[in-house]
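In what follows, a structure is listed as structure tokens, so that the remarks can point back to it.
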Amino acid sequence: MWWWIVSLHLLAAYFSVGHAHPDEHFQILEIAWSRVGLALDHSAVPWEFQSQIRGGLAPWIAAIAMRVWPESPELIALFLRVLASLLGVLALFSLWRGWRLQGREAGWIFSFTWFLPYLHARFSSESIAGSLFWIAIGWIGPEPRSHRWQTWLTVGVLLGLATQFRYQCGFLVLGFLFWVGFHFQSRLRVLLATVFGIALATALGAWADHWLYGEWRPVAWNFFRVNLLEGKAAEFGVSPWWEYFRLLATQLMAPPWGILWLVVAALGFFQSKARPLLFSITPFFLIHCLISHKEFRFLYPLAGVLPLLLVLGSERFSLKSRMPWIRRWALGSWAKGANLLLLALFCLKPARYFTAVHLEIQRLSRQGPLCVYTADGLPAFFEHGIPMNFYRPSSVRTFQLPEGQEAEACRKLLYFRGYSDPGAIQRRYPGAKCIYRAFPEWLVQFNPFRWLERAQGAELWEILNTGGISKREE
């Protein structure tokens, strides 16, 4: 079983290049790249950096990798994804061992839940914080027997690190501490050791923040003040309190399986063995429901515990034989088939197709002088109004058509966002040859319902000249 879990996680880490959300890239890689002095444009940082609201631990870890491989952005990103994936595997192992699970069905759920390898491969605040928290929870288990202060100090460090990577996980930690205090009413040293461990991790986070910003700043307070008191988060959209229920029912799996998975997980959530989960998750989820700005990724720290909740909910069906049709539908062959299909897709596809093209440009730039053109009015290394310095080779010249003058002799590439009409490009640029597509050629030929026009993708075409069209250098 664990060979399957490790293999799928490493497979996702290797293939899912890029970022699932821009914060994964701009809040970590771009900031760290600029901080270590490797960026071409040091002013190109997101507004969060100027407001000093993001913690420094994740950029600090990324900066260490950048010092080791300063000429290999693709190797840096791969290392960080593998690190995040292994933390995710460790979280699953910790929960499995802590709850003393066994059985084929439990093993199947832990091994093949479709989104776990993909989400665990993200070196993002949500993924890392969630993994660290569930490692700590699994270490203690539903009925903790250890009263050793060393154990609880380690748990406290893990909980503190989870909070430093993502401040919202502090609500998970507060709920867990309440459960610890309730469970160990006569063991004050357990609570003190845990709190001391959290304090140690908080001190490390403060040091990382000082490294990032060059001064001692209350970054967690800044995060709360800017996003909530000043209403910055609401500028990105607001949703009703029940929005997360809709997202959970529709994003876990396509209806009706997503709804049934939610029912099974909810039944597991209220079992006696899930009390530490109940105490931890409830305040985290309720606070997020009350905050007006909602994104599904805000719940990603909870992803690692869903297999455990499904197993606990499934056991309840087995023991009491209530509503057996839900068990068959939620965990039956149709749901498993759809789950495996999604698992294969998300383990093998890039997280960001544009990043896959950027890495291909990186590889080609090592073969000689390279000029990259774009015809859509946007720079080649650019997203959400911010330059992407991390993946941009210093030796590559990039241009925007159709302003300026013809470029000097170099290997010319046309960077096309989306999917092109090959005939139109070859008529416009005689001799043009497609050298990279986000999807393989056989899949491109299979285009029912014109799905390619709606898919996120990119192409690279090698052209002999720009067809007389002038250009503007970025």
Problem - Accessible area per residue, Å², segment 278-320 with all protein chains present, probe 1.4 Å - result: 35
Completion exercise
Expressed as a percent, the accessible surface of the chain that is carbon or sulfur, using a 1.4 Å probe and the full set of protein chains, is 64
Practice task
Starting from the Cα of residue 243, step 7 Å along the direction of its Cβ; do the same at residue 465; then give the gap between the two resulting points in nm.
Solution key: 5.3
Problem - Under 20 Å from the residue 200 label point (7 Å along Cα→beta-carbon), backbone N, segment 148-174 - result: 148-166, 170, 173-174
Exercise for the section: Evaluate the distance, in nm, between pseudo-label points positioned 7 Å from the Cα of residue 289 and of residue 210 along their respective Cα→Cβ axes. Expected result: 4.1
Handout entry: Alpha-carbon centroids, segment 165-189 and segment 248-286: separation in whole Å
Key = 20
Problem - Theoretical gain in end-to-end length, residue 410 to residue 187 [0.36 nm per residue, Cα-Cα removed] - result: 73.1 nm
Practice task
Might you tell me the accessible area per residue for segment 199-258, computed with a 1.4 Å probe and given in Å²?
Solution key: 57
Completion exercise
FRET efficiency (residue 71, residue 235; Cβ distance; R0 25 Å; to 0.05) is 0.05
Exercise for the section: List the relative contact order of segment 1-84 as a percent without decimals, with contacts defined as Cα pairs under 8 Å and 6+ residues apart. Expected result: 34
Exercise for the section: Could you give the size of the charge dipole of the chain about its Cα centre, using +1 on the Cβ of each K and R and -1 on the Cβ of each D and E, expressed in debye and rounded to the nearest 20? Expected result: 1720
Practice task
Quick one: net charge around residue 15, please, counting Lys, Arg +1 and Asp, Glu -1 for every other residue with C-beta under 10 Å from its C-beta.
Solution key: +2
Completion exercise
Rounded to the nearest 5, the percent of antiparallel DSSP beta bridges in the chain equals 60
Practice task
Take peptides 353-359, 131-137, 74-80, 64-70 and line them up by average Cβ neighbours within 10 Å, highest first, as a rough protection proxy.
Solution key: 131-137, 353-359, 74-80, 64-70
Exercise for the section: Give the peptides 202-212, 302-312 in descending order of average Cβ contacts within 10 Å, highest first. Expected result: 302-312, 202-212
Practice task
Give the label of the value calculated from the structure for Rg/Rh (Cα atoms, Kirkwood Rh), choosing from [x] 1.00; [y] 0.98; [z] 1.27.
Solution key: [x]
Exercise for the section: Subtract the Cα-Cα distance of residue 146 and residue 93 from 0.36 nm times their separation in residues, and report this length gain in nm to one decimal. Expected result: 17.2 nm
Practice task
Would you calculate, for the chain, the mean residue ellipticity at 222 nm contributed by helices, counting each DSSP H stretch of 4 or more residues as -39,500 (n - 2.57) and dividing by all residues, to the nearest 500?
Solution key: -17000 deg cm²/dmol
Practice task
Treat each spin label as a single point 7 Å out from the Cα along the C-beta direction, and report the residue 433 to residue 228 distance in nm.
Solution key: 5.9
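The values are calculated or read from the model by the stated rules, or taken from the named source; none is laboratory data. If you're wondering where the values come from, they're calculated on a predicted model, not measured in any experiment. Cβ sites come from the backbone with ideal geometry, for glycine too, and all protein chains shown count toward neighbours. Please note that ligands, DNA and RNA were not included when accessible areas were found on the heavy atoms of the full protein model with its side chains. Shrake-Rupley method; radii C 1.70, N 1.55, O 1.52, S 1.80 Å.
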